[in-house]
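The values are calculated or read from the model by the stated rules, or taken from the named source; none is laboratory data. A quick note: this is a predicted structure, and the numbers were derived from the prediction, not measured. Cβ coordinates were reconstructed from backbone atoms using ideal geometry, including for glycine residues, and neighbour counts include every protein chain displayed. All accessible areas refer to the heavy atoms of the entire protein, side chains included, with ligands and DNA or RNA removed. Shrake-Rupley method; radii C 1.70, N 1.55, O 1.52, S 1.80 Å.
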Amino acid sequence: MAAGADSCFLGFDFSTQQLKVVSVDGNLEVLLQSSVQFDSELPEFRTHGGVHIHDDKLTVTSPAIMWVKALDVLLEKMRNAGFDFSRVKAISGSGQQHGSVFWRKGARQTLNHLNPQKHLHLQLQECFAVQDSPVWMDSSTSDQCQCLEATVGGAQRLADITGSRAYERFTGNQIAKIYHSKPKEFSETERISLISSFASSLFLGDYAPIDYSDGSLAGMRLQEGDLAVSLGTSDTVFLWIRDPRPSIEGHIFCNPVDCSAYMALICFKNGSFTRERIRDECAGGSWERFSSALRSTPMGNNGNLGVYFDVMEITPPAAGVLRFNAEGRRVAAFEKQVDIRALIEGQFLAKRVHAEKLGYKIIAGTRVLATGGASSNKDILQVLCDVFNAPVYTIDVTNSACLGCAYRALHGLVSEAGASFTETLRNAPESQLSVRPAPRAQEVYEPLMLRYAALEDQLLKDHQKSLHLLIWSDVLL
């Protein structure tokens, strides 16, 4: 079935801090982009960065009904902008990974009989057995992770089976925690959805099955040999692979556009929140001053190096902030512009260090494709480019997950006639070269990678030691 130019395809992204939508026509031209910011546009939910961080600092949740109301607000925005919904032929979407929605018994009946004259959030407000959904930032399920790994024969065995070892944010461990800690709510649950299948259910008016793949790859049009870096609330590194090698570090997923291939991914929790904190402390809340600091400091930061894990990191599982000067001595603070460069260099050194631990090699011809909110900042991209010693490409639409979903919506329609995803996107905009590595970049950053890896190892050892002492203190008390 061919898609006419007057047809329209929607891609939604239920991300951590906002709900976004992109619309494309049959010629892959972007018609509309819109979003709803949870903190500022839905202040009644009192989220910070789209989430609630609980007193233990480990439990992180978001109100399920907030996502429903955000959809109401977004659709209203689209209607007020004059968007013609009658042109829509297909819809696709993605959601923040690992978040889970617990539907109360009877919710399906409500979904099946939604009234189009009423707002969704008013009709569904009693449909959730667990009001606050655990999200990907949650790290409160260590006991469940240890139990799962022990049951199957260890972390590596679990990775061999599933593509990943046990992580606190993963949905299975979150379900196990709810089962034990909230038995009443669990007994009232008739269905558990991922956020992506939850979003699909809102459009279907029925429970949607779970999709096994991940959508950011599709929007970036990643190809074999490319490396993609998403710079959002969490930072991720992902790439297209043929022969997966599961490890206790990183993850192996299905490829969303090629069933014969896979996608490898490494996730870093300390992304935009940490960048925003340093921006506020060192640049007066101004991204321009932040960028100016990057431009005025040299590659390698004169040997000053730091690790900035404001919250418990995923890779490696540690928390804390360390700063070291060129002589390798730990210091309490840097000058503000030095702190800014140390943060950005440290974040990108971490990405390359852990990518190479999984066997990835930056070779001649490697492209780094950047997406996410920070990919609009060329000075941040220049540091990314220099650390990886590879050119960085971007696309005009920063919401690549949304765009990928819109592309998949179109492909879902035309695939009935046998068209491949690549054929469907032959006229789509190509990624554009943004920055090239500076001279001497490899010479500067190769030794810093070794220093950074050692620094991370030290932080991990210190964190594990502090946990050990805490356990002993609890025993003594």
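Brief remarks follow.
- Under the combined filter of DSSP loop state and at most 15 neighbouring Cβ atoms within 10 Å, the stretch 377-442 retains these GluC sites (Glu not before Pro): GLU430.
- Carbon/sulfur fraction of accessible area - the chain, other protein chains in place, 1.4 Å, %: 51
- Rounded to the nearest 20 debye, the dipole magnitude of the chain is 280 debye, with +1 charges on Lys and Arg beta carbons, -1 on Asp and Glu beta carbons, and the Cα centre as origin.
- 5 angstrom amide H check on VAL435, placed H, neighbours 5+ away: VAL392
- Under the combined filter of DSSP loop state and at most 14 neighbouring Cβ atoms within 10 Å, the stretch 160-215 retains these chymotrypsin sites (Phe, Trp or Tyr not before Pro): TYR212.
- Estimated FRET transfer efficiency (ASP72, ASN325; beta-carbon r; R0 60 Å; 0.05): 0.70
- Computed over the chain, the per-residue total of -39500 (n - 2.57) for DSSP H runs of n ≥ 4 gives a 222 nm mean residue ellipticity of -12000 deg cm²/dmol, rounded to 500.
- DSSP assigns beta bridges within the chain; of those with both partners inside it, close to 80 percent run antiparallel.
- On full extension, the segment bounded by GLN123 and SER296 gains 56.9 nm, given 0.36 nm per residue less the C-alpha separation.
- GluC sites (Glu not before Pro) restricted to DSSP loop in the stretch 22-117 with at most 12 other C-beta within 10 Å: GLU29
- Counting only aspartates and glutamates at least 8 places from LYS118 when in the same chain, those with an alpha carbon closer than 13 Å to its own are ASP72, GLU76.
- Listed pairs LYS20/LYS361; LYS20/LYS357; LYS269/LYS461; LYS57/LYS177; LYS20/LYS336; LYS269/LYS357 exceeding 22 Å between Cα atoms: LYS20/LYS361; LYS20/LYS357; LYS20/LYS336
- What the Cα atoms of the chain give is an Rg and a Dmax of 22.6, 72 Å.
- Length added when fully stretched, ILE161-PHE203, from 0.36 nm per residue minus Cα-Cα: 11.8 nm
- Averaging Cα coordinates gives a centre for the stretch 430-456 and one for the stretch 351-382; these two points are 9 Å apart.
- Estimated FRET transfer efficiency when R0 is 22 angstrom, pair SER187-ILE210 (beta carbons, to 0.05): 0.50
- Membrane-span-like helices in the chain, defined purely by DSSP H runs whose alpha carbon atoms cover 30 Å or more axially and whose average Kyte-Doolittle hydropathy reaches -1.0, are 336-357, 441-476.
- Spin-label pair ALA417/ALA454, simplified geometry with 7 Å Cα→Cβ offset, distance in nm: 6.1
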